[in-house]
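Read the structure below first, then the notes.
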Amino acid sequence: EAQVTQNPRYLITVTGKKLTVTCSQNMNHEYMSWYRQDPGLGLRQIYYSMNVEVTDKGDVPEGYKVSRKEKRNFPLILESPSPNQTSLYFCASSLRAPDTQYFGPGTRLTVL
Amino acid sequence: AQSVAQPEDQVNVAEGNPLTVKCTYSVSGNPYLFWYVQYPNRGLQFLLKYITGDNLVKGSYGFEAEFNKSQTSFHLKKPSALVSDSALYFCAVRDAGRSDYKLSFGAGTTVTVRA
């Protein structure tokens, strides 16, 4: 089944404790992206990747890192999480630059 | 900079009535426009897109949208709403005139269809 998977689905952590949210797609898509969803703000793009080893900042990249060592994986790294990063995070992929995107189920992150 | 506005936070309609969800955009070049829907506690699902060609775009679940370049709008429509259409709807745009590949979403419109 074609899909985008994210892990974990739910995470509660404390300020400053490094964490990684994994994202994987099995559709051989070139374009992958991370978004955060906050009430009243919609989805805001954090980082995106056009292909392996090619990443670029979205609109809200501060406090986040990404890597794209393999085509299928695009992890989101929070080196030192802060409470303002409490949010619902979505990973998405598309065959190429922003075309129809397939979204993962979301990761609800709470930073205490 | 590219941007998207969804001027209505909420839209309420009766089942069987027409449904319209508004979206306006701002880009420097040509727009690539998308509509996505998010059902409660679910991820986002693609509804339809406009890249080029016919201004009237038909998509999933009976939805359609009309691209209007002069009004910089891409309103989502459904002739006869169903209770199951109740969800959160997002409009998104990519500016084809930019060298990056960012995608910008609107704040979302919550649609409630009452029986």
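The values are calculated or read from the model by the stated rules, or taken from the named source; none is laboratory data. Treat the numbers as computed from the prediction; the structure is a model and nothing was measured. Glycine also receives a Cβ, built like all others from the backbone with ideal geometry; neighbour counts cover every protein chain displayed. In case anyone asks, the SASA skips ligands and DNA or RNA and just uses the protein heavy atoms, side chains included. Shrake-Rupley method; radii C 1.70, N 1.55, O 1.52, S 1.80 Å.
So which residue, out of A:GLY42, A:GLY63, A:GLY16, gets the largest mean-square fluctuation from a GNM of chain A using Cα contacts under 10 Å as springs?
Highest fluctuation of the listed residues: A:GLY42.
Per the Kirkwood definition applied to all pairs of different Cα atoms, how many angstroms is the hydrodynamic radius of the stretch B:1-53?
It works out to 13.4 Å.
What residues from the stretch A:43-78 fall in the zone where the backbone N is under 16 Å from a label point 7 Å along the Cα-to-C-beta line of B:SER3?
Under cut-off, by backbone N: A:43-45, A:59-60.
To the nearest 100 Å², how much accessible surface do chains B and A hide from each other in total, with a 1.4 Å probe?
Result for this pair: about 1600 Å² buried.
Quick check for you: with a 1.4 Å probe and neighbouring chains kept, what is the accessible area per residue of chain A, in Å²?
47
Mind checking the mean number of beta-carbon atoms from other chains within 10 Å of the Cβ atoms in A:90-98?
Across the residues of A:90-98, the mean count of other-chain Cβ atoms within 10 Å is 3.
With the cut-off at 1.5 for a/c, could you classify the stretch B:36-105 from its C-alpha gyration tensor as rounded, prolate or oblate?
In terms of gyration-tensor shape, oblate.
With a 1.4 Å probe and every protein chain left in place, work out the accessible area per residue of chain B in Å², rounded to a whole number.
Here the residues of chain B average 47 Å² of exposed surface.
Could you tell me what percent of the accessible area of the stretch B:18-86 is made up of carbon and sulfur, with a 1.4 Å probe and every protein chain present?
49
Quote the FRET efficiency, to the nearest 0.05, computed for A:GLU62 versus B:SER84 with a Förster distance R0 of 30 Å and r equal to the Cβ-Cβ distance.
Given R0 = 30 Å and the Cβ-Cβ separation, E is 0.20.
Roughly speaking, to the nearest percent, how much of the stretch A:4-80's 1.4 Å accessible area is carbon and sulfur?
With neighbouring chains kept in place, the figure for the stretch A:4-80 is 51 percent.
Which distance in nm do the two modelled labels at A:GLU1 and A:GLU53 give, with both placed 7 Å along the Cα-to-Cβ direction?
Between A:GLU1 and A:GLU53, the simple spin-label model gives 3.5 nm.
With r defined as the distance between the Cβ atoms of A:LYS71 and B:SER60 and R0 fixed at 35 Å, what FRET efficiency is calculated, to the nearest 0.05?
0.80
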